[in-house]
1. Just the accessible area per residue of segment A:1-155, please: how many Å² with a 1.4 Å probe?
2. Where the centre of each part is set by its Cα atoms, how far does segment B:37-64 sit from segment B:68-95, in angstrom?
3. Would you mind pulling out the separation of the Cα centroids of segment B:138-185 and segment B:204-256, in Å?
4. Separation between the B:N199 and A:S211 pseudo-spin-labels, each 7 Å from Cα along Cα→Cβ, expressed in nm?
5. How high is the FRET efficiency between A:C37 and A:W169 when r is their beta carbon distance and R₀ equals 22 Å, given to the nearest 0.05?
6. Taking each residue in B:39-45, count the Cβ atoms of any other chain within 10 Å of its Cβ, then average. What number comes out?
7. Loop only per DSSP, at most 14 neighbouring Cβ atoms within 10 Å: give me the chymotrypsin sites (Phe, Trp or Tyr not before Pro) in segment A:2-75, ordered by residue number.
8. Loop-only check: which trypsin sites (Lys or Arg not before Pro) in segment B:9-110 are DSSP coil with at most 11 other Cβ within 10 angstrom?
Amino acid sequence: MSEIKEKESWFSAKNLKLLTEPINSKNPITVLVLGICSALAVTVKMKPAFVMAISVMIVTAFSNLIISLLRNTIPNRIRIIVQLVVIAALVILVDELLKAYVYDVSKQLSVFVGLIITNCILMGRLEAFALGNKPWPSFVDGIGNGLGYGLILLVISFFRELLGSGTIWGYRVISESFYVNNGGFYENNGMMILPPMALILVGIIIWIQRSRNRKLIEE
Amino acid sequence: MIMGILDNLRKMDRNSNLYTFLYASGMVILVAALLAIAATSLKPAQQKNKETEKKIDILKSLGKADGVETASNKHKFVEDAFNKYIAEMFVVNSKGDKVEGVDAFSIDLKAEFAKPLEQRNLPIYKATLDDQSVKYIIPLRGRGLWGPIWGYISLNDDFNTIYGATFAHQSETPGLGAEINTAEFQKQFVGKSIFDVNNKFVSIAVVKGGADKSDPHGVDAISGGTLTSKGLEAMIKDCLSSYETYFNNQKNKNHE
């Protein structure tokens, strides 16, 4: 009578692939080109970029989980609205938590936490994955995509902060005495602080990634 | 009973209007309740952060905010310093009389400056420093290029010479207008005076292309941040001029 289903292990090769693929060959930013706006906006300094990456990861993971749990009950006609409500609720929660516990960073992120709602990665993962998969793989997929997004954010913000402000994670790495103001020869690159430079950096990362992984190049 | 309802729901046609309607309503109520609980329970912590930030700004205008970033307990550090230096907070009106029964710290400047001059409640923070000198801190609020800017100016007890100033902004352009919150820019205000030799209120001019070093009422504008500089100049003038009568009254008292 009772049929024992063979249970897939939690960290099977298939599930691990969900975690690692979005970091490289299915990266949401550099391959799928989703979530670009926030990648341009919050990467001036590493710390806000890191908090943003964590926030997005939490929201993708849990919205994937919740939608996957509800996937058999959601009326098809309003499924986009249901997804949006779940995402919006999670984003508001994250925003409130940031305001309460990391106020300085939440001030720097200002509107961009709220704008996670419009981040295409979220809706994309819900539609493409969570609606058709079990809760655990969906959760892992969310974490993976959050990681892929966060990695790119950190790489971009590393270069923007280093070249634009001469600091890394808020710590000064280029000595004050090198600066023109103090009689030196060095000056920060003001372009790095502005969003267009982030777009150029994303372009460079895409270029490097595709030259190393030829499969990604479209015909 | 609840189980019964759930059971009926499970048997319903997932594409029927009723099911869709019930599903949407249930979800909205649930989410609304959840968010309301979260917002209420986190409110005290958020309020505390805002208060601490305001106190840091006030301390900055006195040059007493060093060490805040490295303090192990930021709230306590700020609270202690604030209680130590800020001797008194009070509210005056545009005629220079004290207004009783209004909490100076919780006044919303944006709302006050939207009112006509006669009805404004104007907060003042009176500070006593280590050497027993008395400073008066005036809060400022105005508009920059992209959003609100605000700040605090501390005056010596002659109600004329600026002891220190601090400015902050919400969304000015990084590297340009946003420079108003750098120490280099704020340092310029120290020692400037807001009344001229004939005791006429002149405020501080933010001069494009650089102010004359000997000019007691001018500071250099930010290159590339003209509109923010203009907003800052207007903010200082508008806010300080509301206190003009109070300043004059106090000066006359000092002379007597």
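1. Result: 48 Å² per residue.
2. 11 Å
3. Centre-to-centre distance over Cα atoms comes out at 11 Å.
4. 7.4 nm
5. Calculated value: 0.40.
6. Whole-number average of other-chain Cβ neighbours for B:39-45 is 3.
7. Here the chymotrypsin sites (Phe, Trp or Tyr not before Pro) that fit, given the DSSP loop and packing criteria, are A:W10, A:F11.
8. Of the trypsin sites (Lys or Arg not before Pro), the ones in loops of segment B:9-110 whose Cβ has at most 11 other Cβ atoms within 10 Å are B:K95.
The values are calculated or read from the model by the stated rules, or taken from the named source; none is laboratory data. Not measured: the values here are computed from a predicted model. Positions of Cβ are backbone-derived with ideal geometry, glycine not excepted, and every protein chain shown enters the neighbour counts. Heavy atoms of the whole protein, side chains included, go into the accessibility calculation; ligands, DNA and RNA do not. Shrake-Rupley method; radii C 1.70, N 1.55, O 1.52, S 1.80 Å.
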